[in-house]
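Colleague: Structure in structure tokens, see below.
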Amino acid sequence: MKRKFLSILSGIVVLLVTYYISNLIINKETESYNNNTIITHSVRTIEIENSSNPISVKVNGRLSSKYKLNLFSEVQGTLNDNYKKFKVGQSYKKGEAIIRINSKEFLATVKQNRSQLQNMIASVLPDIKLDFKKNYKNWELYFKSFDVEKNTKTLPKSLSDKEKFYLVGKGLMAQYFKIKNLEERLSKYTISAPYDGTLIEAYSTEGSLILTGQKLGTYINTNVFELEVAVPSKYGNQLEIGKEVLFTSTFNTKHTGKIIRVNKSIDNNSQSIRLFVEFKSENLKDGMYSEVYIPLGNIDDSFSLSRSLLINDSFIYYIKDNMTIGIFNVNPIFYDDETVIVKGLENGMNILKTYIPGVYDGMKVKIVN
């Protein structure tokens with residue numbers, strides 16, 4: 001019985017000792033925690049230095065060749081073979097023939113009328129020699145140099161009204177202008193390249209019949225391009241002709257253009273203003289998708305920061321002199337996709353470089369730039 005009592009007593013003592021030691025450990029940890037409740041967070045900062053910040057608006061559109069020519073036939077005939085095939089992608093130099101339409105029949109008519117004029121001049125030369133001696137030499141030289149295979153030269157100028165009336169009465173002037181009209185029409189049987197470029201559409205092939213007014217294809221200049229974009233009307237007063245515009249193409253090449261035209265009216269539906277930018281480069285393509293930044297000027301005495309640092313569109317976190325977080329009121333001036341330009345910050349201030357989850361006013365920090 002005595003042994004049983006001693007065992008129970010020993011157990012109670014062990015429990016009491018264990019309880020006492022546990023309390024000592026818990027109290028020590030609590031005391032340690034209470035002495036270190038102020039936790040210092042390491043942060044990276046940006047030192048404010050206000051300056052003049054450029055602003056721009058991002059817009060997009062598609063490049064179009066500035067010089068685009070739709071080819072139509074003004075005459076009728078069959079399409080002749082050319083030393084360059086009339087095919088999409090074919091390039092031509094300025095002055096090269098793009099299209100040649102068979103003109104043999106019409107050329108014969110032109111030569112016939114030239115020959116008639118030549119005969120008429122021959123018939124009046126004796127009268128000119130007698131009545132208009134001062135101008136006879138000019139008419140003689142003109143007659144001798146006359147060639148029915150070449151375009152008709154301008155008739156010698158009359159030296160008196162009497163001579164002029166005589167030539168008109170003989171029908172020389174009427175015949176001359178008839179020939180010039182035929183020669184002008186003859187020139188339409190050949191369509192030449194007005195500038196270096198490429199054929200991007202072709203609707204006829206060699207040997208096919210061409211009708212008057214028929215569209216034959218589309219020809220473009222491949223060096224000069226124009227980009228039409230729509231800019232929000234609120235920036236209308238900041239758009240300036242001649243301003244440079246930077247464009248990065250889908251080929252990852254950079255090109256500089258300039259604003260050449262600004263529409264003076266505002267689109268009723270989109271409330272935007274149409275703007276035209278010109279680019280000069282052989283590396284660009286007609287129809288290429290383009291995303292450009294249109295310059296709108298500069299904002300003086302301002303600072304550009306990440307939009308993620310702006311709180312409720314009006315505040316930012318900064319570091320006070322006592323190394324705690326504070327909240328500062330700023331004035332946002334301009335937004336883009338990633339940044340915001342603000343005014344109101346003081347030079348020398350340190351603001352958070354990146355947003356910290358759980359940040360609060362008065363939080364103790366340490367700068368670790």
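The values are calculated or read from the model by the stated rules, or taken from the named source; none is laboratory data. Model, not experiment: these values are computed from the prediction. Virtual Cβ from ideal backbone geometry, glycine too; neighbours counted across all protein chains shown.
Colleague: So, SER270, is that one modelled with pLDDT under 90 and outside the structural domain of GLY358 (by TED's automatic domain parsing) or not?
Modeller: Considered against the rule, which asks whether it is modelled with pLDDT under 90 and outside the structural domain of GLY358 (by TED's automatic domain parsing), SER270 comes out as yes.
Colleague: If you go through the stretch 317-358, how many residues are of a type in the set (A, V, I, L, M), out of contact with any Phe, Trp or Tyr (no Cβ under 6 Å at 6 or more places or on another chain) and more than 30 Å from TYR235 (Cβ to Cβ)?
Modeller: 3
Colleague: Kindly provide the set of residues from the stretch 69-98 that are under 31 Å from the mean Cα position of the chain (by Cα), within 27 Å of ASP147 (Cα to Cα) and assigned to a strand (DSSP E or B), ordered by number.
Modeller: ALA97, the sole residue that qualifies.
Colleague: State whether the residues of the stretch 278-285 include one that is within 29 Å of LYS93 (Cα to Cα) and touching a His at 6+ places or on another chain (Cβ under 6 Å).
Modeller: Yes, the conditions are met somewhere in the stretch 278-285.
Colleague: In the set GLU201, GLU206, which member is of a type in the set (D, E, K, R), more than 30 Å from ILE55 (Cβ to Cβ), surrounded by fewer than 18 Cβ atoms within 10 Å (Cβ to Cβ) and in contact with a Ser or Thr (Cβ under 6 Å, 6 or more places away or on another chain)?
Modeller: Answer to the selection: GLU201.
Colleague: Now, a different point. Of the conditions (1) more than 30 Å from ASN331 (Cβ to Cβ); (2) out of contact with any helix residue (DSSP H, G or I) (no Cβ under 9 Å at 6 or more places or on another chain), VAL75 fails just one. Which one is it?
Modeller: (2)
Colleague: Moving on. From (1) under 29 Å from the mean Cα position of the chain (by Cα); (2) free of Cβ contacts under 8 Å to residues at least 40 places away in the same chain, pick out the condition that doesn't hold for PRO332.
Modeller: (1)
Colleague: Look through LEU275, LEU345 and report the one residue that is within 21 Å of SER51 (Cα to Cα) and either out of contact with any Pro (no Cβ under 6 Å at 6 or more places or on another chain) or at pLDDT below 90 (or both).
Modeller: LEU345
Colleague: Looking at the stretch 263-304 only, could you name the residues that are assigned to a loop (DSSP other than H, G, I, E, B) and of a type in the set (Ser, Thr, Tyr)?
Modeller: SER265, SER270, SER281
Colleague: Just checking, which of PHE72, PHE86 is out of contact with any Phe, Trp or Tyr (no Cβ under 8 Å at 6 or more places or on another chain), hydrophobic (A, V, I, L, M, F, W, C) and buried (at least 19 other Cβ atoms within 10 Å of the Cβ)?
Modeller: That would be PHE86, the only listed residue that is out of contact with any Phe, Trp or Tyr (no Cβ under 8 Å at 6 or more places or on another chain), hydrophobic (A, V, I, L, M, F, W, C) and buried (at least 19 other Cβ atoms within 10 Å of the Cβ).
Colleague: Would the stretch 164-180 turn up any residue that is at pLDDT 95 or above and over 30 Å from LEU130 (Cβ atoms)?
Modeller: Looking for residues that are at pLDDT 95 or above and over 30 Å from LEU130 (Cβ atoms), one finds none in the stretch 164-180, hence no.
Colleague: When the residues of the stretch 138-159 are narrowed to those that are farther than 14 Å from LYS180 by Cβ and of a type in the set (A, V, I, L, M), which ends up surrounded by the most Cβ atoms within 10 Å (Cβ to Cβ)?
Modeller: So, considering only residues that are farther than 14 Å from LYS180 by Cβ and of a type in the set (A, V, I, L, M), the one surrounded by the most Cβ atoms within 10 Å (Cβ to Cβ) is VAL148.
Colleague: Answer with yes or no whether THR250 is within 21 Å of LEU284 (Cα to Cα) and either among the charged types (D, E, K, R) or surrounded by fewer than 17 Cβ atoms within 10 Å (Cβ to Cβ) (or both).
Modeller: Considered against the rule, which asks whether it is within 21 Å of LEU284 (Cα to Cα) and either among the charged types (D, E, K, R) or surrounded by fewer than 17 Cβ atoms within 10 Å (Cβ to Cβ) (or both), THR250 comes out as yes.
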